[in-house]
Amino acid sequence: MPTGSVLNKINNRGFTFIAVDPEYEVDDNVFLHVTAIQDRDHVDLFARGSRVEFEIVFVSRDGQGRPQARNARPVAETADTGISTSSVGEKRGSVKFRHPMGYGFLVDEKGGHECYAKVTSVPGWVSSLRGFRRV
């Protein structure tokens, strides 16, 4: 199943686009409508930069096949390497982004790799009023 990164949060019309990872050889960004998300309770997880996996279908529009995502869902892997967070082991880094819904992105202090994380999976993940503290 192809993977990629959400380019922007889902807009008020219910859609966004996904940049497909290069190994899937899809040149265009893939259209994603909120109705194509597997679990609509997780719509807020589709924020800018979120890693997702999805099926691609081609829909005819203006006489051309345009890629659209179906059965999209968030995945927990690093943005740069594709290594599952469950296999990474203990790392130190800092919070890049934290959403009030309880998820965010961490940056490894040594390699600069980003990974998606739920707040409940990161011990000591705290924030202050002015920003985030090192974890």
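Here, each number is a calculation from the coordinates, and none is a lab measurement. Bear in mind that the values here come from a model prediction, so they are computed numbers and not experimental data. As a convention, Cβ positions derive from the backbone with ideal geometry for all residues, glycine included, and neighbour counts pool all protein chains shown.
Observations on the structure shown:
- Residue order, fewest to most surrounding Cβ atoms within 10 angstrom, among LYS9, LYS110: LYS110, LYS9
- Total formal charge among the other residues, if their Cβ is under 15 angstrom from that of SER60, Lys/Arg +1 and Asp/Glu -1: 0
- Note on segment 3-74: Kirkwood hydrodynamic radius from all Cα pairs is 12.0 Å, rounded to one decimal.
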